[in-house]
1. Under a crude label model (7 Å from the Cα following the beta-carbon direction), how far is Leu101 from Asn139 in nanometres?
2. What is the magnitude of the charge dipole of the range 22-135 about its Cα centre, with +1 placed on the Cβ of each Lys and Arg, -1 on the Cβ of each Asp and Glu, and no other charges, expressed in debye to the nearest 20?
3. On a full-extension model of 0.36 nm per residue, what is the gain between Cys28 and Ala57, subtracting their alpha-carbon distance, rounded to one decimal in nm?
Amino acid sequence: MKRWILAGALLLLALGFAGTAPAQEPTCQLSTHMLDTSRGVPAADVRVTLSRLAEDASWQLVAERRTDRNGRIADLLPLGGQPNDGVYRLRFETAPYFEALGERSIYPWVEVVFRIEGRGHYHIPITMSANGYATYRGN
């Protein structure tokens, strides 16, 4: 009898975990990361700024963060009631990162300019070495 009760309890527990939770809207619309392709590791403690292009063509600072130990920043642009549509710029301060490794980078910083439309999530990473970089829209 105890085995049946235990089996039933485990079955109910498993069914509870198997249910899908209601989808929640993300709280942040923009994330990024930097990977050091010359070493095959995340680039930690890199200063990154996010700016938005204003109507007068000037850049307005939105956020400033540092990459975590995994080279990531997850919370650059809150997704609130108002849309975040616009043109944005991520600036990665790469020179201090490479200088700390004893390398001189041809790129003192890297700027990536992109457009946000709608409420979808945007992940804009860079892969980088001291002499080259690439970017793309990830997920």
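1. Calculated label separation equals 2.9 nm.
2. Working: 12 positive and 14 negative charges, 42 e Å.
Dipole size: approximately 200 debye.
3. Values: separation 29, 0.36 × 29 = 10.44 nm, distance 2.49 nm.
Using 0.36 nm per residue and subtracting the Cα-Cα distance, I get 7.9 nm.
FYI, it's all coordinate maths here, none of it is from the lab. Since the model is a prediction, treat every value here as computed from it, not as a measurement. Cβ: placed from backbone, ideal geometry, glycine included. Neighbour counts: every protein chain shown.
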